[in-house]
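Here the structure comes first, spelled out in structure tokens, and everything after it is commentary.
The values are calculated or read from the model by the stated rules, or taken from the named source; none is laboratory data. Everything numeric in this text was worked out from a predicted model, so none of it was measured. Cβ placement follows ideal geometry from the backbone for every residue including glycine, while neighbour counts extend to all protein chains displayed. Protein only, heavy atoms only, side chains kept; ligands, DNA and RNA dropped before computing areas. Shrake-Rupley method; radii C 1.70, N 1.55, O 1.52, S 1.80 Å.
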Amino acid sequence: MTATVVAALKAQSVNTGVMKPITTGSADGRALSDPDWLISVTETSDAPDLVAPYRLPLAAAPLVAAAHANVAIDPSRITQAFQALSARHDCVLVEGVGGVLVPVTADLFVVDLIKRLGLPVLLVARAGLGSINHTLLTLDCLRTRGVPILGLVFNHPTRPPAARDESDTIPTILRLSHVRSFGELPYCEGLPATWLRHRDTFIARLDIQGLLEALGLRKLA
């Protein structure tokens with residue numbers, strides 16, 4: 001989803017950077033890691049260490065992966081990288097690290113890192129059954145911590161079932177959360193390898209003009 005928003009903003013002539021502060025789990029040799037894939041598809045010239053200040057081999061929460069690698073995560077290193085990227089771009093999209101209550105250190109959760117960076121949140125929510133509880137809990141956590149919420153983007157990460165979905169997940173979330181949606185991205189086979197084939201389809205499903213307005217970037221487009 002991050003790559004889609006970056007591509008859509010760049011198509012509107014917004015100078016956009018990308019960041020994945022912490023990535024865990026090594027690429028298996030057949031695929032790029034998340035930050036390297038983002039660097040590739042967004043065609044950024046920013047230094048890899050700025051895009052991803054921490055790369056930890058173990059596929060686990062940052063707190064656990066860092067302990068396994070005998071690394072101490074320093075939030076100021078992430079803040080400094082973000083500030084460096086922000087000086088180069090009109091907008092920097094920072095991709096999350098799991099959910100908002102994933103532990104980064106023993107006393108810092110992802111939501112605390114978001115607040116420390118002063119970022120509003122564009123929350124990606126699954127479009128199907130099972131998403132209502134997870135999405136509403138996440139929004140409640142963000143509000144409790146005083147983190148601004150831009151809105152939601154709904155995503156279909158897996159192939160939709162053959163039977164018609166009658167769960168009303170999306171309208172229920174929007175009605176109960178009072179948060180706006182900036183689009184619903186369809187399921188596409190073969191991602192991320194087929195990104196170029198599906199990129200324009202994804203961009204077309206985003207309310208990019210609404211997002212520009214929410215981000216205060218309309219004057220730049």
Q: Output the number of residues of region 199-221 satisfying the condition of being surrounded by 16 or more Cβ atoms within 10 Å (Cβ to Cβ) and over 25 Å from residue 131 (Cα atoms).
A: 3
(Q) The conditions are (1) under 17 Å from the mean Cα position of the chain (by Cα); (2) open to solvent by 30 Å² or more (accessible area, probe 1.4 Å); (3) at pLDDT 95 or above, and residue 77 fails exactly one of them. Which is it? (A) (1)
Q) If you go through region 45-52 one residue at a time, do you hit one that is over 24 Å from residue 141 (Cβ atoms), open to solvent by less than 40 Å² (accessible area, probe 1.4 Å), touching a helix residue (DSSP H, G or I) at 6+ places or on another chain (Cβ under 8 Å) and charged (D, E, K, R)? A) yes
Q: Could you tell me which residue of region 164-198 is most open to solvent (accessible area, probe 1.4 Å), considering only residues that are at pLDDT 90 or above, under 21 Å from the mean Cα position of the chain (by Cα) and of a type in the set (D, E, K, R)?
A: 180
Q: Collect the residues in region 137-163 that are within 17 Å of the chain's Cα centre (by Cα), closer than 30 Å to residue 189 by Cβ and surrounded by fewer than 18 Cβ atoms within 10 Å (Cβ to Cβ), keeping them in residue-number order.
A: 150, 156, 157
Q. Which ones in region 157-211 are touching a residue at least 40 places away in the same chain (Cβ under 8 Å) and among the basic types (Lys, Arg)?
A. 199
(Q) Looking at region 106-113, can you tell me whether even one residue there is surrounded by fewer than 19 Cβ atoms within 10 Å (Cβ to Cβ), of a type outside the set (Ser, Thr, Tyr), more than 19 Å from the chain's Cα centre (by Cα) and assigned to a helix (DSSP H, G or I)? (A) no
Q. Within region 1-26, how many residues are among the charged types (D, E, K, R) and without any contact (Cβ under 8 Å) to a residue 40 or more places away in the chain?
A. 1
